[in-house]
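Engineer: Structure below; questions to follow.
The values are calculated or read from the model by the stated rules, or taken from the named source; none is laboratory data. Values in this document were obtained by computation on a predicted structure and should not be read as measured data. For neighbour counting, all protein chains shown are included, and Cβ atoms are generated from backbone atoms with ideal geometry for every residue, glycine included.
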Amino acid sequence: MSAVLVDTGPLVAYLDRAQRHHTWAVAKFEGFTDPLWVCEAVVTEACFLLAHLPPAQAAVGELLRRGVLTCVFSLQPNHERVFDLMRRYRNVPMSLADACLVCMAEENRGSRVFTLDSDFSIYRLHGRTAAPLIGPGN
């Protein structure tokens with residue numbers, strides 16, 4: 001199934017008006033028709049980064065409650081692949097959230113990663129191909 005895999009950066013930019021890419025993120029979020037999928041690591045990072053804005057932090061939970069965002073990835077059955085990716089890209093370095101998103105992209109052909117993180121241009125799905133990206137430059 002084709003989906004948009006939402007990274008931390010655009011989610012935080014969407015909810016925090018002070019973020020540099022806020023207007024871009026709002027326009028993108030409003031234009032998506034594919035499902036918006038996240039992993040728990042992205043939710044964790046976003047809530048941490050939005051801790052200074054309790055209404056924005058609460059909005060993350062509201063987006064999940066309303067089904068705008070769906071948490072579709074569990075670390076437990078995927079931990080070996082996730083930590084293998086983190087080892088492979090340790091010089092970048094790769095975060096847990098990034099590794100989870102790469103796994104999600106590997107499992108869901110046709111999905112696109114919605115990110116502000118230029119490291120995704122380095123990461124390769126199954127060690128071979130770049131994930132399709134949605135970012136400010138594309």
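Engineer: Being in a loop (DSSP other than H, G, I, E, B) and either among the polar types (S, T, N, Q) or farther than 18 Å from residue 136 by Cβ (or both) is the filter here; which residues of region 1-24 pass it?
Structural biologist: 1, 2, 3, 19
Engineer: Evaluate region 39-54: report whether one residue or more is buried (at least 18 other Cβ atoms within 10 Å of the Cβ), at pLDDT 95 or above and not in a helix (DSSP H, G or I).
Structural biologist: yes
Engineer: If we keep just the residues of region 61-106 that are β-branched (Val, Ile, Thr) and in a helix (DSSP H, G or I), which is farthest from residue 129 (Cα to Cα)?
Structural biologist: Taking the candidates together, the pick is 82.
Engineer: Another one. Just to be sure, is residue 34 surrounded by 13 or more Cβ atoms within 10 Å (Cβ to Cβ), touching a strand residue (DSSP E or B) at 6+ places or on another chain (Cβ under 9 Å) and not hydrophobic (A, V, I, L, M, F, W, C)?
Structural biologist: Yes, satisfied.
Engineer: Taking the stated definitions as given, is residue 27 buried (at least 17 other Cβ atoms within 10 Å of the Cβ), assigned to a helix (DSSP H, G or I) and over 15 Å from the mean Cα position of the chain (by Cα)?
Structural biologist: So residue 27 does not fit the description; no.
Engineer: Hey, another quick one. Given the conditions (1) more than 16 Å from residue 10 (Cα to Cα); (2) surrounded by 17 or more Cβ atoms within 10 Å (Cβ to Cβ); (3) not polar (S, T, N, Q), and given that residue 93 satisfies all but one, which numbered condition is not satisfied?
Structural biologist: Failed condition: (2).
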